[in-house]
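Report on the structure given below.
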Amino acid sequence: MCGIVGYVGKKDKKEILLDGLQELEYRGYDSAGIAIIEEQKLKHFKAIGKLANLRERTKDYQSSGFGTSIGHTRWATHGKPTELNAHPHLGEYSFVVHNGIIENYQILKSELQQEGTKFLSQTDTETIVHLFEKYHNQNRDAFTAFTQTIQRLEGAYATLLITEAQAKTIFFAKNGSPMLIGFEGNDVYFASSDTPIIGKATEVYYLEDGEYGYVKDGKVTLFDAKGEKSFSKQTLTTNKAMAQKDGFRFFMEKEIYEQGEVMNDTMMGRVLDDRIEFEELDNQLFENISNIKICACGTSYHSALTGSYLLERIAKIPCQVEIASEFRYKEPLLRDDTLFITISQSGETADTLEALKMAKRAGLKSLSICNVDNSSIVRESDRAILTRAGIEKGVASTKAFATQIMVLWMLTLYIAQLKKSIDKESLQSELNAMRHTPKALLVTNPLHEKLHRLSKRYLHGHGFFFIGRDLFFPLALEGALKLKEISYLHAEGYPSGEMKHGPIALADSELFTVALMPKSLHYEKIKSNVEELSARDATILAISPEPFELADDFVQTKYSSHPMLEFFEMMVVTQLLALEISVRLGNDVDMPRNLAKSVTVE
Ligand code: AGP
């Protein structure tokens, strides 16, 4: 995910920017760039790939004396990871870096193009610098031009702008994407999170949405919609490890909380007003395809299962799901009218990679859904859709799972559009539901607090059953896997209708049943299954919008017309439950015993 740094002062700007960007590396990126103004002269450097490439590009450049500077690491969303698309973006005499999405950039871009502005990149960001220069050319006042520019922007942004027109000033604005200002004497720093400025600045101000302004002569002038305002600085932490976790106790916790935000990245440029678009796909991939086979492991296998329900139900295409380690040795019958999809967070899972190679040898077309660009699975596949979850550090996958599900949902609609198996009205209602997903993923304080309190009742017993039906069966599997991975307690995911065919024999008060009871999908059926367990004295933790009187514990979710919104909300509940149980048991949440983030052995 993208990162921003900025600096105004006399120190070595190149080193400050490169060091700062290095601190943001853990967030993931595919290109980087810096721009510096010293003695009225603008200099800029960009490179795709790792920061080492940018260091190499800048090795003969020395920066000294007073100046302004901005830097950026980019995780490609609008447009490919190329040097032209890397930030900072250049106008005639100014540079800009930006995190977030300018939602109305197409309108702004067309307006500027009609007036003769030439665009070099495919990014939304470039509109900012051209708008600024347009207004500056009209009124010759840089701050007025910057204010006019940000008033035109819709969407989320954190942005820094430097210009030869006012060389000793940095202009900044924040709305919806994080940005902070660091202070040390007359030096002023900017960053999209604490880590780049720890050890450099001693005080910090965290900008609020709607705030903007400029830095000149070491002084920050701040504005919001009401005009100029004062602000108070606070002491900056010196603990880098804590800052990388954005103040959360664990990476997994941070990753659960950021699911709403990353989902916007996953959907960006793909969920359009009236359809789904994937710039990485074309009709050719689906020519002569009559069915789909998905292969994956672990959590990715659970997302594959969820996808199979969506693909068959909405896109009306037969879909089979296989565990990669089983598929490899079952001597599968493969037909060339099958599209072979692999799903992998890391893109390096040995079993999944080998399954893909087998499918390719059999002449099947392949598509991967992956979080890591240029990984082995991505390189091996005919086409790849990146999930854009940002680097996931917790071994127990959370946001990668959520974004895989979203890609599968989008892919379902994409295929449904191609096959014309969905009517306009239904497509619109799916797209509307998708746009509400980030809200369904929000973690509220009362919810987290409730799960923290409940968790103390679930530290013993002889096992957990997570149960659900339909789409919620794979979610039950995933809920159980999360709990197993980080609590080391035994947990199983089961279809709720299947309990009476065996596992109900285990039911007693020490059997904890986590029941996923969505109101929008088979509620009455699941309710009967849970009643059967309750009648045998099983302890029931029900997760549902609908109060359930037989529940021993109850977590209430929101009523929603679309099952996928219930799905995502319940997913967060199960993730937090696992997290809180693990914390109480004193386990290492981010690095559970015996597990690795990337399983490159079979
Ligand atoms: C998820 O919490 C696990 N760490 C594990 O099941 C993982 O999903 C599995 O190893 C597959 O990994 P992949 O998605 O990187 O291929």
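The values are calculated or read from the model by the stated rules, or taken from the named source; none is laboratory data. Note that the structure is a prediction, hence the values are computed from the model and not measured. Here the Cβ is made from the backbone with ideal geometry for all residues, glycine too, and neighbour counts use every protein chain on show. Side chains are part of the model used for accessible areas, which takes the heavy atoms of the whole protein and leaves out ligands, DNA and RNA. Shrake-Rupley method; radii C 1.70, N 1.55, O 1.52, S 1.80 Å.
Ordered from highest to lowest accessible area with the whole protein assembly present and a 1.4 Å probe, 436, 448 read as 436, 448. Residue 19 sits with roughly 60 Å² accessible to a 1.4 Å probe, with DNA, RNA and ligands left out of the calculation.
Exposure check, 1.4 Å probe, all protein chains in place: residue 566 carries approximately 0 Å² of accessible surface. Using the Cβ-Cβ distance between residue 202 and residue 107 with R0 = 41 Å, the FRET efficiency computed as 1/(1 + (r/R0)^6) comes to roughly 0.45. To the nearest ten degrees, helix 445-455 and the longest principal axis of the Cα atoms of the chain are 40 degrees apart.
Once you charge only the Cβ atoms, +1 for Lys and Arg and -1 for Asp and Glu, what is the size of the charge dipole of the chain about its Cα centre, to the nearest 20 debye?
Working: 69 positive and 82 negative charges, 150 e Å.
In total the dipole reaches around 720 debye.
Stretch residue 498-residue 219 to full length: gain in nm at 0.36 nm per residue minus the Cα-Cα span? It would help to have the intermediate numbers written out before the result.
Details: separation 279, 0.36 × 279 = 100.44 nm, distance 6.71 nm.
93.7 nm is the gain from fully extending residue 498 to residue 219.
Relative to the longest principal Cα axis of the chain, at what angle does helix 13-23 sit, 0 to 90 degrees, rounded to 10? With both axes taken from Cα atoms, the answer is about 10 degrees. The accessible area of residue 336, taken with all protein chains in place and a 1.4 Å probe, comes to roughly 120 Å². Short-range pairs are left out: with C-alpha atoms under 8 Å and at least six residues apart, the relative contact order of the range 532-593 is 18 percent.
A simple rule links phi to the HN-Hα coupling: the Karplus curve 6.51 cos²θ - 1.76 cosθ + 1.60 with θ = phi - 60°, which for the range 411-418 gives 4, 4, 5, 4, 5, 4, 4, 4 Hz, with x for Gly and Pro.
The dipole here belongs to the range 256-348: it is taken about the Cα centre, uses +1 on the Cβ of Lys and Arg and -1 on the Cβ of Asp and Glu, and is about 500 debye.
For the chain, the solvent-accessible area of protein heavy atoms averages 40 Å² per residue (probe radius 1.4 Å; ligands and nucleic acids excluded).
Of the accessible area of the range 3-244, with the probe set at 1.4 angstrom, what percent is carbon plus sulfur?
Numbers: 4620 of 9940 Å².
On the range 3-244, the fraction of accessible area on carbon and sulfur atoms equals 47 percent.
To the nearest 10 degrees, how steeply does helix 298-310 sit against the main Cα axis of the chain, on a 0 to 90 scale? Value to nearest ten degrees: 80.
For the range 445-584, divide the Cα radius of gyration by the Kirkwood radius and give the resulting Rg/Rh value with two decimals.
Details: Rg = 13.4 Å, Rh = 14.5 Å.
Using only Cα positions, Rg/Rh for the range 445-584 is 0.92.
Expressed as a whole percent, the accessible area of the range 397-448 that falls on carbon and sulfur atoms is 56 (1.4 Å probe). Anisotropy class assigned to the range 251-438 is oblate, per the alpha carbon gyration tensor with a/c at or over the 1.5 cut-off and a/b no larger than b/c.
Sequence-distant contacts, meaning Cα pairs under 8 Å at least 6 residues apart, place the relative contact order of the range 262-399 at 23 percent. Taking label positions 7 Å along the Cα-Cβ direction at both residue 62 and residue 462, the computed distance is 7.7 nm, reported to one decimal. When you work out D = kT/(6 pi eta Rh) for the range 1-67 at 20 °C and 1.002 mPa s, using the Kirkwood radius from C-alpha pairs as Rh and the Stokes-Einstein form, the result is 176 µm²/s.
Rounded to the nearest angstrom and listed largest first, the equivalent-ellipsoid semi-axes of the chain from its Cα gyration tensor are 45, 28, 22. If you sort 370, 297 by accessible surface, 1.4 Å probe, largest first, the order is 297, 370.
For the chain, relative contact order (Cα pairs under 8 Å, six or more residues apart, normalised by length) works out to 10 percent. Could you tell me which of rounded, prolate or oblate describes the range 48-137, using a ≥ b ≥ c as the square roots of the eigenvalues of the alpha-carbon gyration tensor, with rounded for a/c under 1.5 and, failing that, prolate when a/b is larger than b/c and oblate otherwise? Judged from the Cα gyration tensor, the range 48-137 comes out oblate (a/c at least 1.5, b/c at or above a/b).
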